[in-house]
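Chemist: Mind looking over this structure? Questions follow.
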């Protein structure tokens, strides 16, 4: 059994073609829901936490929030929705429209949380303007997910100073009961994140986009065991579209390869290096049990 704890639903029409052309970046192509669900199920995925990604403040791009609502409505037993928004507007003022949408997303659409991407929106996660969103998430007992990781594309797209995890310390102090997910093992600041996770029982992470860095992943999970936080690490694909970035023209094969890496590849590296290995319970936790504990979806 697999739960994909983090993947994206997009429509090409919601991307700003002029911006992507200027940055010499390829626009992603649409994937039908039927095709995507088929690929995921072929890999053994039984639930997928799906979201868009709001980058409208700087990059005039939203990925496709409507597509997420459509997916959750059409496949309510498969997709778990997170909304995505930016907490401040283009003038750095509190984004009332986004705040109102957050409320609707939880109350009317049944979404389980919100994705915020500070480096793409070029704001700091501990900016007090964003605090009402964290208070609202606490009120509803939903997850706040952050892209707090380095960006491999052009530096201007997501400046690193907005991605570093030091700002998160303010959040876990000010909101100790807030459920927070930091994507991508907070690469490249993974050990710093693990320390924060040891400080805060409500801080989680995922392995999305990390499978082609096998030594980094294996050693990070050894450290997660050492710090006692391995039970809050989750498998995630970060799917955006086929034949794009780390995805091949046949994403089902990518999903299978990454899942097999978690099942067997991590321990093969640990054996070879003389590191502590993951137990079967820890591996199953990463593949589905930890995400299920966070979202209570099975």
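The values are calculated or read from the model by the stated rules, or taken from the named source; none is laboratory data. Just so we're clear, the structure is a prediction, and the values are computed from it rather than from any experiment. Methodologically, a virtual Cβ is constructed for each residue, glycine included, from the backbone with ideal geometry; neighbour enumeration extends over all protein chains shown.
Chemist: Provide a single number: the residues in the stretch 5-29 that are under 30 Å from residue 287 (Cβ atoms) and surrounded by fewer than 16 Cβ atoms within 10 Å (Cβ to Cβ).
Modeler: Initially, the stretch 5-29 is screened for residues under 30 Å from residue 287 (Cβ atoms), giving 5-11, 28-29.
Those left that are additionally surrounded by fewer than 16 Cβ atoms within 10 Å (Cβ to Cβ): 29.
Residues that pass the stated criteria total 1.
Chemist: When you scan the stretch 111-135, how many residues do you find that are closer than 20 Å to residue 53 by Cβ and part of a loop (DSSP other than H, G, I, E, B)?
Modeler: Within the stretch 111-135, residues that are closer than 20 Å to residue 53 by Cβ and part of a loop (DSSP other than H, G, I, E, B) number 8.
Residue-wise test of (1) in a helix (DSSP H, G or I); (2) under 19 Å from the mean Cα position of the chain (by Cα).
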position	(1), (2)
13	yes, no
25	no, no
38	yes, no
47	no, yes
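Chemist: A further question follows. Could you please let me know if residue 120 is surrounded by fewer than 21 Cβ atoms within 10 Å (Cβ to Cβ), in contact with a strand residue (DSSP E or B) (Cβ under 9 Å, 6 or more places away or on another chain) and either in contact (Cβ under 8 Å) with a residue 12 or more places away in the chain or farther than 17 Å from residue 237 by Cβ (or both)?
Modeler: Judged against the criteria, residue 120 is not a match.
Chemist: For residue 290, which of the numbered conditions (1) outside any helix (DSSP H, G or I); (2) closer than 30 Å to residue 110 by Cα fails to hold?
Modeler: Unmet condition: (1).
Chemist: When the stretch 169-183 is examined, which residues are found to be surrounded by fewer than 23 Cβ atoms within 10 Å (Cβ to Cβ) and in contact (Cβ under 8 Å) with a residue 12 or more places away in the chain?
Modeler: Result: 169, 170, 171, 172, 174, 175, 176, 177, 178, 179.
Chemist: Would you confirm whether or not the stretch 251-258 contains a residue that is exposed (fewer than 14 other Cβ atoms within 10 Å of the Cβ), touching a helix residue (DSSP H, G or I) at 6+ places or on another chain (Cβ under 8 Å) and touching a residue at least 40 places away in the same chain (Cβ under 8 Å)?
Modeler: no
Chemist: Can you find even one residue in the stretch 275-282 that is modelled with pLDDT of 95 or more, surrounded by 17 or more Cβ atoms within 10 Å (Cβ to Cβ) and in a helix (DSSP H, G or I)?
Modeler: Yes.
Chemist: Considering only residues that are out of contact with any strand residue (DSSP E or B) (no Cβ under 8 Å at 6 or more places or on another chain) and either modelled with pLDDT under 95 or in a strand (DSSP E or B) (or both), which ones fall in the stretch 64-88?
Modeler: Within the stretch 64-88, just 64 meets the criteria.
Chemist: Being in contact with a strand residue (DSSP E or B) (Cβ under 6 Å, 6 or more places away or on another chain) and either closer than 25 Å to residue 25 by Cβ or part of a loop (DSSP other than H, G, I, E, B) (or both) is the filter here; which residues of the stretch 206-237 pass it?
Modeler: Across the stretch 206-237, the qualifying residues are 206, 208, 236, 237.
Chemist: Being in contact with a helix residue (DSSP H, G or I) (Cβ under 8 Å, 6 or more places away or on another chain) and part of a helix (DSSP H, G or I) is the filter; apply it to the stretch 140-160 and report the residue that is surrounded by the fewest Cβ atoms within 10 Å (Cβ to Cβ).
Modeler: Just the residues of the stretch 140-160 that are in contact with a helix residue (DSSP H, G or I) (Cβ under 8 Å, 6 or more places away or on another chain), to begin with: 140, 142-151, 157-160.
Pick out the ones that are also part of a helix (DSSP H, G or I) and you get 140, 157, 160.
Values: 140: 16, 157: 18, 160: 12.
Across the stretch 140-160, the extreme among qualifying residues is 160.
Chemist: In addition: What's the total number of residues in the stretch 136-146 that are out of contact with any strand residue (DSSP E or B) (no Cβ under 6 Å at 6 or more places or on another chain) and without any contact (Cβ under 8 Å) to a residue 40 or more places away in the chain? So that I can check it myself, show each step before the final result.
Modeler: Our first condition is that a residue be out of contact with any strand residue (DSSP E or B) (no Cβ under 6 Å at 6 or more places or on another chain); within the stretch 136-146, this holds for 136, 138-141.
When the remaining residues are screened for being without any contact (Cβ under 8 Å) to a residue 40 or more places away in the chain, the result is 136, 139-141.
Total meeting the criteria: 4.
Chemist: Let me ask something else about it. Just one of 286, 298 is surrounded by fewer than 19 Cβ atoms within 10 Å (Cβ to Cβ) and touching a strand residue (DSSP E or B) at 6+ places or on another chain (Cβ under 9 Å); which is it?
Modeler: The unique qualifying residue is 298.
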